[in-house]
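Below you'll find the structure, written out as C-alpha cells, and then a few comments.
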Amino acid sequence: MKEQKNNTMEPDFFTAFAQPSALHHSPLKNDVVQGEKRKFINPTSYNNPKLEELQMLLIDWINTTLKQEHIVVKSLEEDLFDGLILHHLLEKLGSLRLDVEKIALTEKKQKRKLAVILEAVAQCLQLEESQLKWNIDSIFQKDLLSTLYLLIAIAKHFQPDLPIPSNISVEVIIIERTLTGLRTENAVECITENRETLEGQSKADAFDELFTHAPDKLDDVKKFADGVILLLLIGQLGGYFLNLREFFLNPNCATEMLHNVNLAVALLTDGGLLDFPVNAEDIVNRDMKTTLQVLYCLYSKYKTKET
C-alpha cells in the first residue's frame, strides 16, 4: 500500500498562488490605452457595509422614482450601463425630453444613447468636463465606482434631501499602461463627503455672503467685543446666573475685555457648544467672522428654546 501524500500547504504559500489577483477582476484593464489612468473599486471593498448601504439606498431611490414605469433595478452597474434606465430617470426627475431611442439594441446605438444622456446630465448639473468622475466608457463597461459617482451627482441635484450616507471610503486600484506594461497602485478614495465638513463650509459661505451683501447689519456685532453682552446672553440662554465678581461688567481696558471673552469661550466649550478653536483676541479685536461663528453656535443650540 502506497503512503498517502499530505496535500496540506502552508497558508501563506497557498494564498499567494490560489487567490486571484484583484487586477484580473478589473473590467477596465484591457481597455487602458497608453498613458491613460483608470481606477476601480478593489474587490476587497465590495463587502464594506457602508458601501452596500449606499448601493441599496440608490437602488431603492431609483425603484421608487420609476415605480409607475414598472422598472426594477437590482444591480446598479449591471442595470444602468446601457442608458435605458438613466433615460427614464432623467425624464422623470428633470422632465427632460432627450432625442434618443427608447430601446437601443446594438452596442453602437447603446453607447450613442449613453453619450447623449451623459451630456444632458453634465449640462443640467452645470458640470465642466474636468469635474466629471465618470465617462461613457466607464459607465458602459459597468464600472461601479463611476456609476456611483454619476448617481450621487444626479440625486444631489434633483433630490437634495435624499439621506446619502456620509464619509464612505473604499479601496481602489489605479491602473496605468506604460511602455513596459500595466502599472498598478492602491489608494483609498472617499466617495461621499464628510457631512460635518460640508455643514461647516456652508456656514462659512453664509458668513461670507453676509459680509458681501449686508455689511450694514454687522455693526451690532462689534458690541460683543468686550464680552459683557456675550456673557449675559450665555447665562440667560443657559438658564444660570453669572456672579458679577467673575467678570468685568464695565471693562476699562483690553485686558479686562480679554478676561471676559476668555470666560465666555470657556463656558461655551464646557457646555459643548463650540466644536472649533476660538481665539478670544479675535473677538476683542472685533473680528466679525469669529464673533458671528460664536453667536451662530449659540443660535444653533437655543433656536428652538421657548421664550
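The values are calculated or read from the model by the stated rules, or taken from the named source; none is laboratory data. Nothing here was measured: the structure is a model prediction, and the numbers come from that model. With ideal geometry, Cβ positions are generated from the backbone for all residues, glycine too; neighbour counts draw on all protein chains shown. Accessible surface is based on the protein model in full, side chains and every heavy atom, while ligands, DNA and RNA are left aside. Shrake-Rupley method; radii C 1.70, N 1.55, O 1.52, S 1.80 Å.
How would Met56, Met257 rank on accessible area, largest to smallest, probe 1.4 Å?
Values: Met56 105, Met257 40 Å².
In descending accessible area the options line up as Met56, Met257.
Work out, step by step, the length gained on full extension between Asp287 and Leu105: first 0.36 nm times the residue separation, then minus their alpha carbon distance; give nm to one decimal.
Numbers: separation 182, 0.36 × 182 = 65.52 nm, distance 6.35 nm.
Between Asp287 and Leu105, full extension yields 59.2 nm more.
Lys/Arg Cβ at +1, Asp/Glu Cβ at -1, dipole of segment 64-110 taken about the Cα centre: which of Leu86, Thr106, Thr64 is farthest positive-ward?
Positive-most Cα among the choices belongs to Thr64.
Would you kindly derive the ³J(HN,Hα) couplings of segment 41-54 from the backbone phi angles with the Karplus curve 6.51 cos²θ - 1.76 cosθ + 1.60 (θ = phi - 60°), listing them in order in whole Hz, with x for Gly and Pro?
Along segment 41-54, the couplings run 5, 4, x, 5, 8, 5, 8, 5, x, 5, 5, 5, 4, 5 Hz.
I'd like the carbon and sulfur percentage of the solvent accessible area for segment 39-132, probe radius 1.4 Å, heavy atoms only, ligands and nucleic acids excluded. Could the numbers behind the result be given before it?
On the way: 2780 of 5580 Å².
That share works out to 50 percent.
How far apart, in nm, are two points set 7 Å out from the Cα along the Cα-to-Cβ line at Tyr296 and at Gln131?
About 2.2 nm separates the two model spin labels.
In square angstrom, what is the accessible area per residue of segment 85-198 with a 1.4 angstrom probe? Please list the in-between numbers first.
Details: 6380 Å² over 114 residues.
Result: 56 Å² of accessible area for each residue.
Applying the Karplus parametrisation 6.51 cos²θ - 1.76 cosθ + 1.60 with θ = phi - 60° to the phi angles of segment 81-94, what ³J(HN,Hα) value in whole Hz is obtained for each residue in order, glycine and proline being reported as x?
3J(HN,Hα) across segment 81-94, in whole Hz: 5, 8, x, 4, 6, 4, 4, 4, 5, 5, 5, 6, 7, x.
Residue by residue through segment 134-143, which ³J(HN,Hα) values in whole Hz follow from phi under the Karplus form 6.51 cos²θ - 1.76 cosθ + 1.60 (θ = phi - 60°), with glycine and proline marked x?
8, 8, 4, 5, 5, 5, 5, 8, 6, 7
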